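Right, one structure below, let's go through it.
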Amino acid sequence: MKLKLTKPMIKMLICVGALFGLIFIFKIGQAMLVKHFTNEHKMPIVTISAMQAQMSAWEPQFKATGSLRTIKGVEVTTELAGMVRTINFTPGAFVQQGTLLVQLDIDPDVAQLHSLQAAANLAKITYNRDKSQYKIGAVSKQTLDSDLANLESDVAQVVEQQANIAKKTITAPFTGKLGINQVNIGQYLNPGDKIVMLETLDPIYVDFYVPQEDIFQLEVGQPVSVYVDSHPDTTFNGQITTINPAVDANVRNVEVEATLPNPTNKLLPGMFVSVTVKTGVPKSYLTLPQTAISFNSYGDIAYILQKTDQKQDGHDIWKATQTFVTTGETRGDQIAVLKGIKQGDMVVTSGQLKLKNGSLVIIDNSVQPSNNPNPHVINDE
């Protein structure tokens, strides 16, 4: 039986066909627009710096800050009051032990000494004469004993006066370098008034503090290295000489003293220094610049690169893949990577903020982040 299409049905079929045709044309146009947009908005190729992850030998060490202290250092002063008669030193000079520095006025003391010596001489004559008389019974034993006591008293006064004169002759108590002169000729000095600073500079002490949990890593004789910002290219080496036997109850630290040779006198008492103490044998770690790691609350990440077969302007194009890493201790600009990266992996060292997983990059190492395990900061003032 032949199906006969009615006029309304034909109209309906034409409308449905037109509708499907419009939908098809819309989908084709939409796909073309998406393709055009994708071609116009390709993922940009980012320029970064990168390096291969390598193993480094790190020697276990303890770092601290400390200050330098002279082995011998005093403010030279006077025990007795007096007027400055002569100044016999040059500020800043090196002097030997016993060198005359300042002479106070001793004329009245010398006159007093002569008087006491005369009295002592008379007492000695009297004692010797009465001693001869005592042998023949002309004087009593009491008189002889009194003469001896007078003689000993007069001699003691002479010795005391000689000591007073010596105390007004102010000499260097030890060999060292003098500081700035604090007195003038004609100035009256009271006991304790400062005259000049005297310091020994070679060798010199460095004092630093160690937390109680680290103190058992240290022992007397261990080598130490000291760095001071005034001489950034010089390392001063010494060794630990004393470890305090008690922990400071207020801060739970232990004071440690090391001794450094200082033949050039570059180190001065009071200087602030950085101290490094080697505490074990070297260990091998995979290390990267700290800038290669992005530290986040949800985990530390780095970007590993794989080379593609594409090029741009003669440069290889790489694909960046995000990876979570486990890091260890830091040393200077470097950080140890314990997990997540293998030796030889090409790792992004700068430019991570421009990347996401799958980003295409080219490597430009004309500027590299610092990768020094032992950097020193130089103050530009």
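The values are calculated or read from the model by the stated rules, or taken from the named source; none is laboratory data. All values derive from a computational prediction rather than experimental measurement. We place every Cβ from the backbone using ideal geometry, glycine too, and count neighbours over all the protein chains shown. Side chains included, ligands, DNA and RNA excluded: accessible areas come from the protein's heavy atoms. Shrake-Rupley method; radii C 1.70, N 1.55, O 1.52, S 1.80 Å.
Odds and ends about this structure:
- Per-residue surface analysis assigns S140 an accessible area of about 60 Å², computed on protein heavy atoms at 1.4 Å probe radius.
- Residues whose amide H lies under 5 Å from that of A50, counting only those 5 or more places away or on a different chain, are T349, D364; hydrogens are built 1.01 Å from N in the peptide plane.
- Positive minus negative residues near L116 (Lys, Arg vs Asp, Glu; Cβ under 9 Å): -2
- Reciprocal of mean inverse Cα separation for segment 75-121 (Kirkwood radius, Å): 13.0
- Of the options [x] 1.46; [y] 0.94; [z] 1.01, only one is Rg/Rh (Cα atoms, Kirkwood Rh) as computed from these coordinates, and that is [x].
- With every protein chain in place and a 1.4 angstrom probe, the accessible-area ranking of T90, T169, largest first, reads T90, T169.
- Rounded to the nearest 20 debye, dipole of segment 86-187 from Cβ charges on Lys, Arg, Asp, Glu: 260
- Long hydrophobic helices in the chain: the complete DSSP H runs spanning 27 Å or more by Cα along their own axis with mean Kyte-Doolittle hydropathy of at least 1.0 are 7-40.
- Its DSSP H runs of at least 4 residues, each contributing -39,500 (n - 2.57), put the calculated 222 nm mean residue ellipticity of the chain at -8500 deg cm²/dmol, to the nearest 500.
- Expressed as a fraction of 2.2 N^0.38 Å, the value expected for a compact globular protein of N residues, the C-alpha radius of gyration of segment 232-327 is 1.90.
- For the options T200, T235, T308, a Gaussian network treatment of the chain with springs between C-alpha atoms closer than 10 Å singles out T308 as fluctuating the most.
- A 1.4 Å probe run over segment 166-275, with the rest of the protein chains in place, finds 53 Å² accessible per residue.
- Computed magnitude of the charge dipole of the chain (debye, nearest 20; Cβ of K, R +1, Cβ of D, E -1): 3200
- Accessible surface of M83 - all protein chains present, 1.4 Å probe, nearest 10 Å²: 80
- Solvent-accessible surface of segment 1-154, taken per residue with a 1.4 Å probe and all protein chains present: 70 Å².
- Accessible area (Å², 1.4 Å probe, nearest 10) - K168: 20
- Order of exposure, largest accessible area first, which applies to K167, K63 with probe 1.4 Å: K63, K167
- In the chain, a dipole from Cβ-located charges (positive for Lys and Arg, negative for Asp and Glu) runs towards its positive end, and of L267, I45, I180 it is I45 whose Cα lies farthest in that direction.
- Contour minus Cα-Cα distance for A81 and Q97 (0.36 nm per residue): 3.5 nm
- Across K27/K311; K283/K356; K27/K354; K167/K266; K319/K339, pairs whose alpha-carbon gap is larger than 31 Å: K27/K311; K283/K356; K27/K354; K167/K266
- On segment 225-381, 49 percent of the accessible area sits on carbon and sulfur atoms, based on a 1.4 Å probe.
- Note, ³J(HN,Hα) from phi for segment 265-270, Karplus 6.51, -1.76, 1.60, rounded to Hz, x at Gly and Pro: 6, 6, 8, 10, x, x
- Most fluctuating residue given options F236, F89, F26, as computed from a GNM of the chain linking Cα atoms under 10 Å: F26
- Gain upon complete extension [R69, D233; 0.36 nm per residue less C-alpha separation]: 56.9 nm
- Selection from C15, S370, Y205, by position along the positive dipole direction of the chain (Cβ): C15
- Chain lengthening between D214 and F295 when straightened (0.36 nm per residue, less Cα-Cα): 26.5 nm
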